[in-house]
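Structure record follows, encoded as structure tokens.
The values are calculated or read from the model by the stated rules, or taken from the named source; none is laboratory data. Keep in mind the model is a prediction, meaning the values are calculated, not measured. Cβ placement follows ideal geometry from the backbone for every residue including glycine, while neighbour counts extend to all protein chains displayed.
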Ligand code: AMP
Ligand code: GLY
């Protein structure tokens, strides 16, 4: 890791930077050049860009639309900046036109929406290589009905559930569960399509909202109703190449807005990796019970999943259950995984696209990492934008620390807030406690009006005392 942070500093135009350039030249023969186009604008995409930029393969990078942090990254091989292109991540025609013009060797798709819209299929049809699942494979995330039924077809441990298009039948099933259920809109709903109910009044209100009032539009034409499970939630990540899958270490997100898992659900307020309560034996079991049947099921149904599968698990007293699948890197899980990853990310994503992952071994540092999300006041509800952010340089000067930008932009040379989740302040250290302390020390350096963040990130992984 020390080596990694050394090479990160070497990215600035200093003698170390020149050293990185010289190294790049020396090794150019062994590192075929790869020009990379990253799609997305969040903290996950900043982490991806940061890690890809460290690769001696990367010779040119663009991000659409990117953010202020992404725009500040430099490539290790030649010091060139990452160009942010003002095209939205869902504007497929303009993304395609840009890619046809610039001809990147690899397009890396961060968010779920362009994947669900079929960006990988579209790019492939035009002879462009793209990393991420195709439209059929992206259904693991874009359709909760598809994901639930797939799990049932292939014996993947999942909550007991039913699929409904009619409110009365949905309500009857919810009643069988005593009203204790998760009511889920089938389609993508900006992370808001899941309503947790503890009694029949809440369940009926949720069914009415999603299925009848169509609060999430067409995404709510069908609902999945799952039994409400109790336990500890963890995130799994597996890189896949169509036939094999490589499991990452464990991590845990904090989805509620406030300390002690109170307040509304958010996109994720902070993460840490690894989670000490999950051992290698647990991971091996998760591979056997979840990934193996998932791979077999994909093969049986002709689903060619090349990308990142991210099952959200509930560890119940009866064993792990898959609550949902995502078909992309987690945000902010990526921010804690990538500082621990010792492989070259360009090579890994290439292997994922090429179907050669079986020949690759994932290597992880033994360090722990923690990411604390700093959000705009009001998030996940409405919030103001354009608030100047101070202290970023002071935070960046801290060792083994990286401030990943999520909702930021530049206004007159000043970094300002531009989204709900603004920054993912990340640190790594020999122990989880030290990583947690380092992340919060960096958070203390940063100020913007209305900033809020949880103070208990990683506490579930730390023994009391
Ligand atoms: P999902 O987008 O399906 O992961 O749901 C969002 C959040 O709702 C999850 O992170 C869980 O906290 C919660 N959740 C979803 N399904 C269930 C379930 N069956 N039982 C308990 N909690 C759930
Ligand atoms: N960590 C939450 C998400 O990526 O959906």
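General remarks:
- The residues in the stretch 412-450 that are more than 16 Å from residue 368 (Cα to Cα), within 22 Å of the chain's Cα centre (by Cα) and not in a helix (DSSP H, G or I) can be counted, and the count is 7.
- Where strands (runs of 3 or more DSSP E) fall wholly inside the stretch 252-319, the ranges with 3 or more residues that are within 17 Å of the chain's Cα centre (by Cα), over 20 Å from residue 369 (Cβ atoms) and in contact (Cβ under 8 Å) with a residue 12 or more places away in the chain are 306-316.
- Candidates 291, 323, 338, 315: the one that is within 16 Å of ligand 2 (Cβ to nearest atom) and farther than 27 Å from residue 423 by Cβ is 323.
- When the stretch 320-355 is filtered for residues that are away from ligand 1 (no atom under 16 Å from the Cβ), part of a loop (DSSP other than H, G, I, E, B) and out of contact with any strand residue (DSSP E or B) (no Cβ under 7 Å at 6 or more places or on another chain), the ones remaining, listed by number, are 343, 344.
- Selection status of residue 130, modelled with pLDDT of 95 or more and touching a strand residue (DSSP E or B) at 6+ places or on another chain (Cβ under 7 Å): yes
- The selection criterion, being within 16 Å of ligand 1 (Cβ to nearest atom) and either on the phi > 0 side of the Ramachandran plot or touching a helix residue (DSSP H, G or I) at 6+ places or on another chain (Cβ under 9 Å) (or both), does not hold for residue 266.
- Selection status of residue 16, modelled with pLDDT under 95, in a loop (DSSP other than H, G, I, E, B) and touching a helix residue (DSSP H, G or I) at 6+ places or on another chain (Cβ under 7 Å): no
- Lone unmet requirement of (1) under 16 Å from residue 81 (Cβ atoms); (2) part of a helix (DSSP H, G or I); (3) at pLDDT below 95 for residue 52: (3)
- Residues satisfying the stated conditions in the stretch 244-260, i.e. more than 16 Å from ligand 2 (Cβ to nearest atom) and closer than 15 Å to residue 270 by Cβ: 258, 259, 260
- Meets criteria (away from ligand 2 (no atom under 14 Å from the Cβ) and under 15 Å from residue 314 (Cβ atoms)) for residue 214: no
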